[in-house]
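J.: Here it is, the structure in full.
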Amino acid sequence: MATIQRITLKSGKTSYRVFIRLGNQKPITKTFKNKKSALEYSRRIEGDNELALAMGDPVTNGLLLSTLIDEYIGQFSGKDKNVLYRLAWWYEHYGYMSLADISHTTIRKGLKQLSESGRQGGTLNRYKANLSSVFQLAKETYGLSINPCREITAKPESSGRVRFLSDSERASLLKNCKTSQWDKLYLITLLAITTGARRGELLKLRWCDVEVKSRRATIYNTKNGKNRVLPLTNEVIHELKKFQGIGNTLLFPSVSNPAIAYDFRIPWKKALASARVDDFNFHDLRHTCASYLAQNGATLVQIAEVLGHSNTVVTSRYAHLCINHKQLLVDNILGSVGL
């Protein structure tokens, strides 16, 4: 309920202070030069409970977005550096604003700026999601009432590149990897196809991360900040036994400096050229793994688990392959059903 107090200043002038308390929220106070303005303000605040909650929240009145972003980054333990780059953009363009002044309209304006600078739907969604995490921190830590990012619909995303090896391409590429000048090119290529691990994840593997008897390897601190266990095929184990390193040494160390990973870009390009595999990147081996799984009956949830996706949104790019497999399954088993 609002109360209005008349105040006489030392100068002899009169002002009117509005005092509003809504439930357990911090009282809202504001001073006006005349009673009419004070009355209009009190009626507007009491008539808009959501606004009252936002304005009554102590954190929104003084905390700057830049301060909150700093706090979030201080607690951030993920490995995706793009998160920090995206938050740096919000910091530069809107960090001067207090949380009380940031609405979904403000964020839409920011996303429009990003769009005009060439960012596409998927990237815009990441910018919004990262900022949303910052507002979520304010909700959990300071009791912020509203996360304005939640009021903005996600942008449509393109399905992304899905290039994978055909059976003949796979056979040719692996054959040429086996005869490469780098004796571990076949091993790392086979690992990428059979585990779906990223290039960087494989290059960070150490012998102490590999359990030969149980046929598994563990990747620590992945891109999404979680550990992931990679089941290893018998062929991978056979190849690993040829090298058998120990302890904390890398599986794929540089010849000149064993503390860093080997740069295999040249032997990789030579193998691709010899195998006549065009328009193909090492990362496409990850797509190859997912595509083979999809074509052989794996669900999107299972594929996401193998690849280490936190959800199936990204994995959905392989949905059409799962559907094709289901069509074949239905045709083979139920195709003869009928009168």
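J.: Got at least one residue in region 202-220 being polar (S, T, N, Q), part of a loop (DSSP other than H, G, I, E, B) and modelled with pLDDT under 95? Steps first, answer last, please.
T.: Filtering region 202-220 down to residues polar (S, T, N, Q) leaves 214, 218.
Right, trim to part of a loop (DSSP other than H, G, I, E, B) and you get 214.
Remaining after also requiring modelled with pLDDT under 95: 214.
Taking every residue of region 202-220 in turn, at least one turns out to be polar (S, T, N, Q), part of a loop (DSSP other than H, G, I, E, B) and modelled with pLDDT under 95.
J.: So which residues in region 62-90 are over 19 Å from the mean Cα position of the chain (by Cα) and either closer than 20 Å to residue 152 by Cα or outside any helix (DSSP H, G or I) (or both)?
T.: Correct list: 63, 64, 65.
Table: residues versus (1) crowded, with 17+ Cβ neighbours inside 10 Å; (2) within 30 Å of residue 200 (Cα to Cα).
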residue: 70; (1), (2): no, yes
residue: 80; (1), (2): no, yes
residue: 89; (1), (2): yes, yes
residue: 113; (1), (2): no, no
residue: 118; (1), (2): no, yes
residue: 130; (1), (2): yes, yes
residue: 134; (1), (2): yes, yes
residue: 138; (1), (2): yes, no
residue: 144; (1), (2): yes, no
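J.: Condition (residue is assigned to a helix (DSSP H, G or I), among the hydrophobic types (A, V, I, L, M, F, W, C) and in the same structural domain as residue 243 (by TED's automatic domain parsing)) applied to region 160-173: is it met by at least one residue?
T.: Keep residues of region 160-173 that are assigned to a helix (DSSP H, G or I), which gives 167-173.
The next check asks that each one be among the hydrophobic types (A, V, I, L, M, F, W, C); those that pass are 171, 173.
Checking which are in the same structural domain as residue 243 (by TED's automatic domain parsing) leaves us with 171, 173.
Yes: region 160-173 contains one or more residues that are assigned to a helix (DSSP H, G or I), among the hydrophobic types (A, V, I, L, M, F, W, C) and in the same structural domain as residue 243 (by TED's automatic domain parsing).
J.: If I go through region 293-312 residue by residue, how many of them are surrounded by 19 or more Cβ atoms within 10 Å (Cβ to Cβ) and either in contact with a Lys or Arg (Cβ under 7 Å, 6 or more places away or on another chain) or part of a helix (DSSP H, G or I) (or both)?
T.: So the count comes out to 8.
J.: Across region 149-167, which residue is nearest to residue 280 (Cα to Cα) among those that are crowded, with 19+ Cβ neighbours inside 10 Å and at pLDDT 90 or above? Spell out the reasoning first.
T.: Initially, region 149-167 is screened for residues crowded, with 19+ Cβ neighbours inside 10 Å, giving 149, 164-165.
Add one more test, that the residue is at pLDDT 90 or above, and what stays is 149, 165.
Values: 149: 37, 165: 9 Å.
Filtering first and then ranking leaves 165.
The values are calculated or read from the model by the stated rules, or taken from the named source; none is laboratory data. Worth saying up front: this structure is predicted, and the values here are computed from it rather than measured. Cβ coordinates were reconstructed from backbone atoms using ideal geometry, including for glycine residues, and neighbour counts include every protein chain displayed.
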